[in-house]
Amino acid sequence: MLVAQNENRELINLLDEMPDSGQRFFCPACKSEVRLKCGLVKIPHFAHISLNSCHSWTENESAEHLGLKKELFAWAVSDAKVEVEKYLPELGQTPDLLINDKIAIEVQCSRLSVKRLWERTLNYRNNGYVVFWLMGNSLQLGKTLNPLQKDLLYYSENRGFHYWELDIKRSCLRLKYLIHQNLHGQLAYLTEEFSFGGQEFLEILKKPYSAQILKELKVSNDKEIHKYIRRQLYHRTLYWMRLQSRYYSEGKSILNEKFSRQWMPPGLDILTRQNTSRFCQITQDIASYYQNFLKYSTENLYPPRYYAIINQKKR
Ligand SMILES: [Zn+2]
């Protein structure tokens, strides 16, 4: 924590001022006592003496989390109203940053359950806040998408499915976009980095939605996909076993399928062509994107707007 109350109930923000350490400090949410810690590894911060009674803070924060909050505050505060760890009593939540009273920024450096993510996200949304989850090092998007990361995906017409990361070592905010998955469950995406303190922070968060030149993502198909499928069937992987039985029931064999399209947006099943997912952060209707994708996608991959434009022209 970077913000606590002193004995006079005044809020002390450690990013603004260093208080005298001879006084007592309290958590703004649960009112229990917290301690001011000034060590070598972490920046000065407050920590609960006991977390047992706190509904707003479930863990003591890592050096990465504290450091990122400090960096983002310094960056965002030059162009907007920014409050650090503003306790929102009607939600019982404390966003890491609250910008212009409406935009909650959550810096997530450790795992949380999918259930908790949904609860916290819907709590923001139902109370009129927009929330951006920015993920720390341990939750960076790698070669595959886990269920938690799936629910941290955002969507826009110009960047498709995308994911936000914070990198304290490289001092940047990173956008991974045009995220697609292939039959192996592997990911492909493009990456763009924004240095802390460079362009305006809020402008970057809005970037996926603003007018821009549409990018292309080059991918290639696995020419030996049948080998992979045989192996999956040999290991009795549930997804492939189910598909195989569906093919059988139609009098076909999955191994005769050509698999000319091996890359799809998340949530769209490659073979059944059905929408299989709900996404926690996505409120837009993406059904027409899926339809356009199935109609017009060729080998390389493009943002939803690209296929929408083709669809307009063909009408
Ligand atoms: Zn507390």
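The values are calculated or read from the model by the stated rules, or taken from the named source; none is laboratory data. It should be emphasised that the depicted structure is a prediction, and the values quoted were computed from it without experimental measurement. With ideal geometry, Cβ positions are generated from the backbone for all residues, glycine too; neighbour counts draw on all protein chains shown. Protein only, heavy atoms only, side chains kept; ligands, DNA and RNA dropped before computing areas. Shrake-Rupley method; radii C 1.70, N 1.55, O 1.52, S 1.80 Å.
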Discussion item. Using the Cα atoms of the chain, I'd like the radius of gyration and the largest Cα-Cα distance, Dmax, both in angstrom.
Written reply: 23.1, 79
Practice prompt. Could I have the simple spin-label model distance between Asn146 and Tyr234, label points 7 Å from Cα toward Cβ, reported in nm to one decimal?
Written response: 2.8
Discussion item. Given the DSSP H assignment, sum -39500 (n - 2.57) over each helix run of at least 4 residues in the chain and divide by its residue total; what's the result at 222 nm in deg cm²/dmol, nearest 500?
Written reply: -7500 deg cm²/dmol
Discussion item. At 1.002 mPa s and 20 °C, plugging the Kirkwood radius over alpha-carbon pairs of the stretch 185-315 into Stokes-Einstein gives what diffusion coefficient in µm²/s?
Written reply: 121
Worksheet item: Which whole-number percentage describes the relative contact order of the stretch 1-77, with Cα contacts under 8 Å and a sequence gap of 6 or more?
Response: 26
Worksheet entry | Charge sum, other residues only, whose C-beta stays under 12 Å from Leu11's C-beta, Lys/Arg counted +1 and Asp/Glu -1 | -3
Worksheet item: Is the shape of the stretch 1-60 best called rounded, prolate or oblate, per the rule: a/c under 1.5 gives rounded, else a/b larger than b/c gives prolate, else oblate, with a ≥ b ≥ c the square roots of the Cα gyration tensor eigenvalues?
Response: oblate
Item to complete: Filter the cross-link list Lys206/Lys295; Lys150/Lys218; Lys115/Lys313; Lys143/Lys215; Lys252/Lys295 down to pairs whose alpha-carbon distance in this structure exceeds 32 Å.
Response: Lys115/Lys313
Worksheet entry | Sulfur and carbon atoms: percent of accessible area, the stretch 1-60 [1.4 Å] | 45
Worksheet item: What does the charge count near Gln108 come to, summing +1 for each Lys or Arg and -1 for each Asp or Glu among other residues with Cβ under 12 Å from its Cβ?
Response: -3
Discussion item. With a 1.4 Å probe and all protein chains left in place, how much accessible area per residue does the chain have, in Å²?
Written reply: 51
Item to complete: On a 0 to 90° scale, report how tilted helix 225-234 is relative to the longest principal axis of the chain, with both axes built from alpha carbons and the result rounded to the nearest 10.
Response: 80
Worksheet item: Ranked from the most accessible area to the least, with a 1.4 Å probe and all protein chains present, what is the order of Leu68, Leu40?
Response: Leu40, Leu68
Worksheet item: With every protein chain present, what accessible area does Trp133 have (1.4 Å probe, heavy atoms only), rounded to the nearest 10 Å²?
Response: 0
Response to the item:
Expressed in angstrom and rounded, the centroid-to-centroid distance over alpha carbons for the stretch 202-264 and the stretch 154-168 is 21
Worksheet item: Taking the stretch 88-122, which trypsin sites (Lys or Arg not before Pro) meet the DSSP loop condition and have no more than 15 other C-beta atoms within 10 Å?
Response: Lys102, Arg111
Discussion item. Below 8 Å between Cα atoms, with a sequence gap of 6+, how large is the relative contact order for the chain in percent?
Written reply: 12
Discussion item. If I ignore ligands, DNA and RNA and count only protein heavy atoms, how much of Val219 is accessible to a 1.4 Å probe, in Å² to the nearest 10?
Written reply: 20
Item to complete: Would you tell me the accessible area of Ser50, worked out with a 1.4 angstrom probe on the heavy atoms of the protein chains, in Å² to the nearest 10?
Response: 50
Worksheet entry | Extension gain (nm, one decimal) between Thr58 and Ser78, 0.36 nm per residue minus Cα-Cα | 4.2 nm
Discussion item. Once you keep just the Cα pairs under 8 angstrom separated by 6 or more residues, what percentage relative contact order results for the stretch 62-209?
Written reply: 19
Worksheet item: By accessible area of protein heavy atoms, probe 1.4 Å, what ranking do Cys38, Cys54 get, highest first?
Response: Cys38, Cys54
